[in-house]
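Read through the structure below, which is laid out as structure tokens, and then see the notes.
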Amino acid sequence: MKKMLEIGLTGMILCSLAACGGQNAGREPSTSQPASAGQTQEAFAGTPQTNLASLFQNSVFLGDSITEGLSYHDVLDEKNVLAGAGKTAEFAMEDMEELSKRNPKHIFIQLGSDDILWPTDNPQEYAINHYTALIDAIQQKLPQAEITILSVTPVTEEALGKEPRYQNIPAYNEKLKEMAAKEQIAFADLSAMIAGHPDLFDTDGIHFKPEFYPLMLEALKERVE
């Protein structure tokens, strides 16, 4: 039985900054100036992108359009990404056969951005119930695979103004964390990695530029090393 593990991404990021001697090291987050996307990648990502792809060659990232960016931006091969726009935890059940065929050692699940917008009386309850069923199905089909739940990524203030329901992301992430603990699987909070770096967001304030994805893999690589 796998032991619940919450990955401390904040500490990893601060450590990476110190190791690189970045100009933002040691500053308070509220006063640091966001770097350009290229500078952000240089400051955080200590492993070449080709090496990251090799590290995650036995992994599959299951998720929605945000997760799909891993293959869309050629950060990982398509065989390592099983994701699509509008994907919810309920719809992800349709991927079980394909996921079983790929037989990954590590499965990273990033779902919820669409779930919390679902037109139902209680979107969070709807999402968590289907998420739990998805995890149970994966554990039955692939009992040796290590599962890591990734938090729903935040959005910009502009995106929040256009869709107020995104304000439920922090509360939903807490429920994901509780679910992971109950299921005794890993949970990784990506929020700290994104905080203070609005340059990582794409124009819609929801999705991300290519530079985001190597940073995410860098933060998660201890799960597969």
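The values are calculated or read from the model by the stated rules, or taken from the named source; none is laboratory data. Please read these numbers as outputs of a predicted model, since none were measured by experiment. Reconstructed Cβ throughout: ideal geometry from the backbone, glycine too, with neighbour counts over all protein chains shown. These area figures cover heavy atoms from the full protein model, side chains too; ligands, DNA and RNA do not enter into them. Shrake-Rupley method; radii C 1.70, N 1.55, O 1.52, S 1.80 Å.
Annotations for the structure displayed:
- Yes/no for residue 182 being under 17 Å from residue 90 (Cα atoms) and open to solvent by 10 Å² or more (accessible area, probe 1.4 Å): no
- Subset of region 192-225 (residues that are touching a Leu at 6+ places or on another chain (Cβ under 8 Å) and open to solvent by 20 Å² or more (accessible area, probe 1.4 Å)): 192, 209, 211, 218, 221, 224, 225
- Selection within region 112-165 - farther than 18 Å from residue 84 by Cα, part of a loop (DSSP other than H, G, I, E, B), in contact (Cβ under 8 Å) with a residue 12 or more places away in the chain and over 19 Å from the mean Cα position of the chain (by Cα): 142, 144, 163
- Test: residue 57 is assigned to a loop (DSSP other than H, G, I, E, B), under 26 Å from residue 209 (Cα atoms) and open to solvent by 30 Å² or more (accessible area, probe 1.4 Å): yes
- Candidate set: region 80-92, residues that are outside any loop (DSSP other than H, G, I, E, B) and touching a helix residue (DSSP H, G or I) at 6+ places or on another chain (Cβ under 6 Å); chosen: the one nearest to residue 179 (Cα to Cα): 89
- When restricted to residues that are outside any strand (DSSP E or B), out of contact with any Pro (no Cβ under 8 Å at 6 or more places or on another chain) and open to solvent by less than 20 Å² (accessible area, probe 1.4 Å), region 60-79 contains 5.
- Screening region 130-171 for residues that are touching a helix residue (DSSP H, G or I) at 6+ places or on another chain (Cβ under 9 Å) and among the small types (Gly, Ala, Ser) and picking the one that is surrounded by the most Cβ atoms within 10 Å (Cβ to Cβ) gives 151.
- Every pair of residues 6+ apart whose Cβ atoms lie under 9 Å, when the first sits in region 70-88 and is in contact (Cβ under 8 Å) with a residue 40 or more places away in the chain and farther than 18 Å from residue 48 by Cα while the second is open to solvent by 20 Å² or more (accessible area, probe 1.4 Å) and of a type in the set (D, E, K, R): 88/114
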